[in-house]
1. Spot the failing condition for Tyr160; the list is (1) in a helix (DSSP H, G or I); (2) out of contact with any helix residue (DSSP H, G or I) (no Cβ under 9 Å at 6 or more places or on another chain); (3) at pLDDT below 80, and only one is missed.
2. Just the residues that are at pLDDT below 90 and surrounded by fewer than 18 Cβ atoms within 10 Å (Cβ to Cβ), please, taken from region 366-392.
3. Kindly list the number of the only condition in (1) closer than 17 Å to Cys112 by Cβ; (2) touching a Lys or Arg at 6+ places or on another chain (Cβ under 7 Å) that fails for Arg61.
4. Do you know which of the residues in region 138-179 that are within 21 Å of the chain's Cα centre (by Cα) and among the aromatic types (Phe, Trp, Tyr) is surrounded by the most Cβ atoms within 10 Å (Cβ to Cβ)?
5. Do we find a residue being of a type in the set (Asp, Glu) and either in a loop (DSSP other than H, G, I, E, B) or more than 24 Å from Leu245 (Cβ to Cβ) (or both) anywhere in region 8-20?
6. Restrict the check to region 23-30 and report whether at least one residue is buried (at least 22 other Cβ atoms within 10 Å of the Cβ), under 18 Å from Ala119 (Cα atoms), within 21 Å of the chain's Cα centre (by Cα) and of a type in the set (A, V, I, L, M).
7. Residues in region 369-409 that are out of contact with any helix residue (DSSP H, G or I) (no Cβ under 6 Å at 6 or more places or on another chain) and not aliphatic (A, V, I, L, M): how many?
8. Residue check, Gly60 against (1) surrounded by fewer than 20 Cβ atoms within 10 Å (Cβ to Cβ); (2) more than 30 Å from Val239 (Cβ to Cβ), all met but one. Which one?
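The values are calculated or read from the model by the stated rules, or taken from the named source; none is laboratory data. Because the structure is predicted, anything quoted here is derived from the model rather than measured. Glycine also receives a Cβ, built like all others from the backbone with ideal geometry; neighbour counts cover every protein chain displayed.
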Amino acid sequence: MRKPSVLVIFLTVFIDLVGFGIVVPLIPIYSRDFGARGITIGIIIASFSAMQFIFAPIWGRLSDRHGRRPMLLLSTAGAAASYVLFARASGLASHGAALGLMVLSRLLAGMCGGNITVAQAYIADITPPDQRSRRMGLIGMAFGLGFIFGPILGGVSLKYLGLTGPGWIAAALCAGNFVLAWFILAESLKPTSEHVAQRPHWDQWRHTLRSPKVGLLVVVFFLATFCFSCFESTLPLLVSDNFHLDIRARKDSATTIVCLFAYCGIIGAFVQGGATGRLVKKMGEPKLIALSLVFTGISMALLPFIKGSAGLSWHVLFTRDGLSWVAMLGALGLLAVGSSLTRPPLFGLLSNLTAAHEQGATIGVAQSAGSLARILGPIYATTLLRYLPPLPYLTCTAVLLITAAMVIQRLRRDSQPALPAGAPRLAAE
């Protein structure tokens, strides 16, 4: 009989996120090439998260009741179908039809985007409380690696397979991931586990947010994700404008954006794969979360003011524009470090503060809050970017610094794991 394995769930999430990483950097560029502007680009990006916001808690509750494995298989199959639609949209000559089909593909992808929620619950099932922050870092590492290999594969497939190539490669990877998970992924939820009472969507939100520290962590995750989604959705547009890239020459502009996303992914993977556990032991989750928000905030304050006149290439680094690209890479590196250090300690602490039989539901609410942030962030940022580019970045800096102060003030390192009802709890030292 197969046994639940952190390695297997990491592999499953990694392959899924490679497919995600192939497509995501290209969506703002494709959307603008198809005639979208400002808020329309934001809506296209946000359509994925709108569905994820609705369905993430549902996936979590279903996984608590029916098991993690079937939910992971179902969401992976849906992701493959969404990338097929994306590939078809990429090849259409009609801009209106292309935009419509692209939105449809993002809606389907969002509906099936519960695999991260379920994967985090899977890890919580098989991990002792004192190791959860470190192992949650593996999910973050999968994100980082997905944004290394995904954008690179997207750029290669764009160059050799044309405009539809990235979508077809992402679909093939997700289809292969479904087959792999079918044969090697074991169920992690124990038959003897107590099932959480099934609550309507908004009742589950109220139940989760009623706990002060759990509720605060959900709010922190919402604000951090809002700011990161503002960056993520506007970086391709900001760089193309600040460095005068011809957005209509897709291969040139996409190659530069791909390099930047891969660069951030490499840094994020190294940080989350090696440093998170040691930093949690040294600093504790609250201080590490606050530090990560400060790093991200500082970097976002710098990004909109870095400008040049040429695309990223080796020979440009030895010209005057090279200083601009060094500054850009430095700011992005700081942002990659900061953003990669937020999720693991936050979800590790969230898991420790949640009863064992509610792991999936609580994580589902947190992910749903993140999805809400990813709805609002792109719409907010792309709209303001068109009229006053620095404004979305500077407001996010203010939000992140205020949130960091709130974390330090209201959270304590001695936060104790949630215990079953009726179990004794030791007083905090």
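1. Of everything listed in (1) in a helix (DSSP H, G or I); (2) out of contact with any helix residue (DSSP H, G or I) (no Cβ under 9 Å at 6 or more places or on another chain); (3) at pLDDT below 80, Tyr160 misses just condition (3).
2. If the condition is that a residue be at pLDDT below 90 and surrounded by fewer than 18 Cβ atoms within 10 Å (Cβ to Cβ), then Arg386, Tyr387, Leu388 are the ones that fit.
3. Going through the list (1) closer than 17 Å to Cys112 by Cβ; (2) touching a Lys or Arg at 6+ places or on another chain (Cβ under 7 Å), Arg61 breaks only (2).
4. Phe147
5. Our first condition is that a residue be of a type in the set (Asp, Glu); within region 8-20, this holds for 16.
Now restrict to residues that are either in a loop (DSSP other than H, G, I, E, B) or more than 24 Å from Leu245 (Cβ to Cβ) (or both): 16.
Within region 8-20 (the criterion being of a type in the set (Asp, Glu) and either in a loop (DSSP other than H, G, I, E, B) or more than 24 Å from Leu245 (Cβ to Cβ) (or both)), the answer is yes, since at least one residue qualifies.
6. No.
7. So the count comes out to 5.
8. (1)
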